[in-house]
Structures are given as C-alpha cells and as structure tokens.
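As structure tokens, the structure follows; a few thoughts come after it.
The values are calculated or read from the model by the stated rules, or taken from the named source; none is laboratory data. This is a predicted model, so every value here is computed, not measured. Positions of Cβ are backbone-derived with ideal geometry, glycine not excepted, and every protein chain shown enters the neighbour counts.
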Amino acid sequence: MRIFDPHIHMTSRTTDDYEAMYAAGVRAVVEPAFWLGQPRTSPSSFYDYFDSLLGWEPFRAAQYGIAHHCTIALNPKEANDPRCTPVLDQLPRYLMKDNVVAVGEIGYDSMTPAEDAALSAQLQMAADAELPALVHTPHRDKLAGLHRTIDVVRESALPLDRVLLDHLNETTVKDAKEAGCWLGFSVYPDTKMDEDRMVAILKEYGAEKVLVNSAADWGRSDPLKTRKVGDAMLAAGFTDDEVDQVLWRNPVAFYGLSGRLDLDVADTDATHEGNSILRGGE
C-alpha cells in the first residue's frame with residue numbers, strides 16, 4: 001500500500017513518526033503552514049517557520065525515504081491578529097519556491113471580516129502564482145462555513161476545481177462535491193472523522209477527488225491514520241485499486257496541479273546547513 005498524506009504537520013512530530021510512517025507505506029507528505037498553538041507576536045516568526053518548511057523539514061523527511069512538500073499561507077486563526085497580517089505582503093515571494101505546491105491553509109476559523117479579507121487576498125495570490133489552494137473549513141457551524149467558503153471562491157479568480165476543501169464530514173461533503181471542489185477529510189482519534197465514518201462516506205459518494213489525511217500535529221492525533229483508513233477500506237470490500245486512488249493517485253493529481261510535485265527523494269545528505277538529526281554521535 002503506497003500512501004501520500006496530503007495534510008500533516010510534521011514540524012510537530014518526531015523522527016520516530018517518520019520511521020513508523022515509512023513502515024506503514026507513507027512515501028510522500030504535504031505539510032500546510034498552520035498556527036503554533038499559541039499566538040505569534042511578530043511576522044518574523046512566520047518567516048523562520050516558512051523557511052523550515054522549505055529546508056529543514058524536507059531534509060528530515062528524506063532521511064526516512066519520504067518526499068516532503070508544503071503549502072504556505074497566513075492561516076485563518078491568525079488572520080484575526082493584526083500583528084500577523086503583514087505576512088500577507090511577503091507571501092508572494094514564498095509562493096515562488098519550487099517546494100510549495102499550494103496556497104494553504106486558508107479559509108475560516110470564526111468567519112470574521114478579517115478572515116474574509118485574508119481568504120480573498122490569498123485566493124488571488126493562488127491564481128496569480130498558478131497554484132491550487134488548500135482551504136480549511138471551520139470546525140464550528142460547518143455547513144454555514146462551507147457555503148460561505150464556496151461563495152468566496154466563486155467570486156475569486158481561482159476556479160473551484162483547483163480548490164481542496166478540507167476537514168469535511170457528513171454534513172458538508174454533498175455540497176462540496178456538487179460545487180466541483182476536491183474533497184479533504186481529516187481522520188483523528190477522537191474528533192473530526194474516524195475510519196468507519198470515512199469508509200461510509202466513500203461507499204456513498206465514491207472515491208473521485210477524495211483525499212484522506214491525518215492532519216497530525218502537536219495535539220492528540222495519529223500520523224498513521226491514513227494507513228488505518230486504507231486497511232478499513234480493504235476490510236469493507238474496497239479493491240486495492242480504489243485504496244490506491246484515495247491514498248495515492250488523488251493527492252498526486254491535486255498537488256500535481258501546481259506543476260511542482262516531485263516524488264523523488266533526492267536529498268539524502270547527512271546534514272542540512274551543517275546540522276543533522278543525530279544526537280550524541282558522529
């Protein structure tokens with residue numbers, strides 16, 4: 001089983017996770033820019049973080065045979081903080097980087113006017129950079145948030161078929177599919193989706209344009225949830241080809257819209273800018 005996790009925050013995970021992911025079949029990941037869990041107090045902290053997504057994290061992943069790409073954006077939660085919004089002025093230079101395969105995560109958290117403005121601005125950036133967009137649908141008032149998101153995308157220069165609507169569930173999948181967007185599902189231990197619910201959605205709506213991710217981060221999450229979904233699909237009677245479509249070919253097709261997706265793991269140098277992942281040895 002080959003697996004591409006299209007949304008996982010490896011900055012907050014350990015090398016043990018990379019090792020376990022490779023053993024489970026993960027060969028590629030996309031890491032979206034997101035918030036730290038506490039407020040950032042200056043734009044400079046974003047730039048160091050973006051640089052790590054473009055340098056250190058691909059290096060770490062390569063040590064375990066995993067291709068790493070990222071998406072870059074001002075995330076919805078921090079779009080409400082005026083200390084953070086100057087980042088928008090600097091995003092275009094990051095969106096030019098070869099390893100950036102989409103603009104994201106963008107979208108809504110609390111559906112505020114500030115989030116409206118950030119979403120619209122970054123959809124335009126995606127169109128200008130000829131990149132797709134990874135859009136975070138809110139965890140509260142999900143259906144209203146989905147409709148508002150789709151309306152904003154329709155008003156933008158970015159076509160709906162270049163948008164991945166993430167964190168979908170049973171409430172939102174039908175309208176997202178009818179809009180023509182790509183469909184993203186985050187599978188968590190306690191919240192969002194689980195394996196059985198994911199299988200039920202696939203049975204009802206099919207595998208076309210469906211991406212399953214772990215969204216694993218610094219909270220309670222599981223970087224092996226993609227593999228567990230694949231196993232659950234097989235147990236439910238899905239074919240190997242259908243599993244491969246959901247866990248590999250669909251994310252390759254979506255992020256391939258960037259023209260930048262490279263699944264070869266070429267950088268296996270022992271160090272990155274003089275630093276290694278080793279501790280206490282040569």
Kindly list, by first and then second residue, each pair from a residue in the range 9-38 that is closer than 14 Å to Ser52 by Cα and among the polar types (S, T, N, Q) to a residue that is in a strand (DSSP E or B) and modelled with pLDDT of 95 or more, limited to pairs with Cβ atoms under 8 Å and residues at least 6 apart or on different chains.
Thr11/Glu31
Residue under question is Arg197, and the condition is that it be assigned to a helix (DSSP H, G or I) and crowded, with 18+ Cβ neighbours inside 10 Å; does it hold?
no
For Lys192: the one exception among (1) more than 16 Å from the chain's Cα centre (by Cα); (2) under 28 Å from Arg27 (Cα atoms); (3) not hydroxyl-bearing (Ser, Thr, Tyr)
(1)
Out of (1) over 30 Å from Gly25 (Cα atoms); (2) among the hydroxyl-bearing types (Ser, Thr, Tyr); (3) not in a loop (DSSP other than H, G, I, E, B), the one Ser186 does not meet is (1)
Total residues in the range 3-43, condition outside any helix (DSSP H, G or I) and at negative phi
25
Among the candidates Val87, Val100, Val29, which residue alone is closer than 30 Å to Val243 by Cβ, touching a Pro at 6+ places or on another chain (Cβ under 9 Å) and not charged (D, E, K, R)?
Val29
Out of the residues in the range 3-26 that are over 21 Å from Thr71 (Cβ atoms) and out of contact with any Pro (no Cβ under 8 Å at 6 or more places or on another chain), state the one that is surrounded by the most Cβ atoms within 10 Å (Cβ to Cβ).
Ala24
Report yes if Pro76 is part of a loop (DSSP other than H, G, I, E, B) and surrounded by fewer than 17 Cβ atoms within 10 Å (Cβ to Cβ), otherwise no.
no
Name every residue in the range 175-189 that is over 18 Å from the mean Cα position of the chain (by Cα) and surrounded by 15 or more Cβ atoms within 10 Å (Cβ to Cβ), in order of residue number.
Asp175, Lys177, Ala179
Note: among Ala62, Ala67, Ala102, just one is among the aliphatic types (A, V, I, L, M), buried (at least 23 other Cβ atoms within 10 Å of the Cβ) and within 19 Å of the chain's Cα centre (by Cα), namely Ala102
Exclusive hit being surrounded by fewer than 20 Cβ atoms within 10 Å (Cβ to Cβ), more than 21 Å from Phe59 (Cα to Cα) and either aliphatic (A, V, I, L, M) or out of contact with any helix residue (DSSP H, G or I) (no Cβ under 7 Å at 6 or more places or on another chain) (or both), set Asp262, Asp241
Asp241
Of the residues in the range 134-173, those that are among the acidic types (Asp, Glu), more than 16 Å from Asn75 (Cα to Cα), within 20 Å of the chain's Cα centre (by Cα) and not in a loop (DSSP other than H, G, I, E, B) come to Asp161
Residues being out of contact with any helix residue (DSSP H, G or I) (no Cβ under 8 Å at 6 or more places or on another chain), at pLDDT 95 or above and either among the basic types (Lys, Arg) or farther than 14 Å from Val229 by Cβ (or both) - total across the range 167-200
2
If a residue has to be under 14 Å from the mean Cα position of the chain (by Cα), surrounded by fewer than 24 Cβ atoms within 10 Å (Cβ to Cβ) and not β-branched (Val, Ile, Thr) to count, how many in the range 206-218 make the cut?
1
Tell me the residue from Asp109, Asp81, Asp5, Asp16 that is within 24 Å of Leu257 (Cβ to Cβ) and acidic (Asp, Glu), please.
Asp5
Looking at (1) farther than 20 Å from Ile8 by Cβ; (2) in contact with a strand residue (DSSP E or B) (Cβ under 7 Å, 6 or more places away or on another chain), can you tell me which one Asp141 breaks?
(2)
Residue check, Ser221 buried (at least 20 other Cβ atoms within 10 Å of the Cβ) and out of contact with any strand residue (DSSP E or B) (no Cβ under 7 Å at 6 or more places or on another chain)
yes
